[in-house]
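Q: The structure follows.
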Amino acid sequence: MRQVIRVIKTPVTLIILLAILGYGAMWGYQHATMPDNRKVETCVQTDVGANLTPDRVTVRVLNGGEKGGLAKLMAGFLRSHGFRVVYYNNSDERVPNTVVVGNSVDDPEVKLMLGFFTGSTARGDGRADHVVDVIMGDKDTHIENPVTSIPVTGPVCLPPIAASTESATPTPTPSASKKK
């Protein structure tokens, strides 16, 4: 009896493992060939008043030059002027001068960003979210006293802002209130 169990145990184990492997392959193939149903995040018509200011503009800063650290430095510069920098890193695209990329070259958020970079060019790619990409070249193009607002008429299409960043207010901790 023991001899029969030993002889049957190996093939049965292999068949079970092949069944698990086959199921995993089938599941993976089905999920890899599914249509992508992710929602494309679009902009929201926002009333910004008579002027668009940097605190309403969402920016990604990309280093398209050969010098290291340009994106990080520029992200700090833009944050110091009130822009919402959500991402900075290197770009696959190499550019000699700064390029500002947005939905359209005529959008107010792109025009405001162009006011921060002399000699830069603008490019529109039809993006739905209206986040502005700044691709930094090796030439230093930011200006010391940039335009900090641009006049607009009516609402402006801007990326939606998470509620946590809009309503984040510091609350005192119990230990902080005890200190004198």
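Q: Checking the structure you have, find out if any residue of region 47-60 is out of contact with any Phe, Trp or Tyr (no Cβ under 6 Å at 6 or more places or on another chain), in contact (Cβ under 8 Å) with a residue 12 or more places away in the chain and closer than 13 Å to Met136 by Cβ.
A: Scanning region 47-60 turns up no residue that is out of contact with any Phe, Trp or Tyr (no Cβ under 6 Å at 6 or more places or on another chain), in contact (Cβ under 8 Å) with a residue 12 or more places away in the chain and closer than 13 Å to Met136 by Cβ.
Q: In addition: Please pick out the residue among Asp92, Asp129 that is within 16 Å of the chain's Cα centre (by Cα), more than 19 Å from Leu78 (Cβ to Cβ) and not hydrophobic (A, V, I, L, M, F, W, C). Lay out the reasoning, then the answer.
A: Details: Asp129 fails: more than 19 Å from Leu78 (Cβ to Cβ).
Only one candidate passes the filter, namely Asp92.
Q: Could you figure out which of (1) modelled with pLDDT of 90 or more; (2) more than 16 Å from His130 (Cβ to Cβ); (3) surrounded by 12 or more Cβ atoms within 10 Å (Cβ to Cβ) isn't true of Gly115?
A: Against the list (1) modelled with pLDDT of 90 or more; (2) more than 16 Å from His130 (Cβ to Cβ); (3) surrounded by 12 or more Cβ atoms within 10 Å (Cβ to Cβ), Gly115 comes up short only on (1).
Q: Additional query: Count, please, the residues in region 106-135 that happen to be outside any strand (DSSP E or B) and either more than 22 Å from Gln45 (Cβ to Cβ) or of a type in the set (A, V, I, L, M, F, W, C) (or both). Explain how you work it out, then say what you get.
A: As a first pass, look at region 106-135 and keep what is outside any strand (DSSP E or B): 106-116, 118-120, 125-131.
From what's left, either more than 22 Å from Gln45 (Cβ to Cβ) or of a type in the set (A, V, I, L, M, F, W, C) (or both): 110, 112-116, 118-120, 128, 131.
Residues meeting the conditions: 11.
Q: Could you say which residue among Thr42, Thr121 is more than 20 Å from the chain's Cα centre (by Cα) and more than 20 Å from Asn145 (Cβ to Cβ)? Give the steps one after another, and end with the answer.
A: Numbers: Thr42 fails: more than 20 Å from the chain's Cα centre (by Cα).
None of the others qualify; the one that does is Thr121.
Q: Which of the residues spanning region 34-80 are under 18 Å from Val100 (Cα atoms) and hydroxyl-bearing (Ser, Thr, Tyr)?
A: Across region 34-80, the qualifying residues are Thr53, Thr58.
Q: While we're looking at this one, here's another question. Can you name the residue in region 49-65 that is at pLDDT 90 or above and over 16 Å from Asp133 (Cβ atoms) and, of all such residues, is surrounded by the fewest Cβ atoms within 10 Å (Cβ to Cβ)?
A: Checked region 49-65; the qualifying residue surrounded by the fewest Cβ atoms within 10 Å (Cβ to Cβ) is Ala50.
Q: Kindly list the number of the only condition in (1) modelled with pLDDT of 90 or more; (2) out of contact with any Phe, Trp or Tyr (no Cβ under 6 Å at 6 or more places or on another chain) that fails for Lys39.
A: (1)
Q: Given the options Val131, Val86, name the one that is of a type outside the set (Phe, Trp, Tyr) and crowded, with 18+ Cβ neighbours inside 10 Å.
A: Val131 is the lone residue from the list that is of a type outside the set (Phe, Trp, Tyr) and crowded, with 18+ Cβ neighbours inside 10 Å.
Q: Would you mind telling me which numbered condition in (1) closer than 19 Å to Gly154 by Cα; (2) surrounded by 21 or more Cβ atoms within 10 Å (Cβ to Cβ); (3) aliphatic (A, V, I, L, M) Val105 fails?
A: (2)
Q: Of the residues Val99, Val44, Val132, only one is in contact with a helix residue (DSSP H, G or I) (Cβ under 6 Å, 6 or more places away or on another chain) and either without any contact (Cβ under 8 Å) to a residue 12 or more places away in the chain or not charged (D, E, K, R) (or both); which?
A: Only one candidate qualifies: Val132.
Q: Of all residues in region 54-75, how many are over 16 Å from the mean Cα position of the chain (by Cα) and closer than 17 Å to Phe117 by Cβ?
A: 6
The values are calculated or read from the model by the stated rules, or taken from the named source; none is laboratory data. Quick caveat, the model's predicted, so the values are computed rather than measured. Note that we place each Cβ from the backbone using ideal geometry, even for glycine, and neighbour counts take in every protein chain shown.
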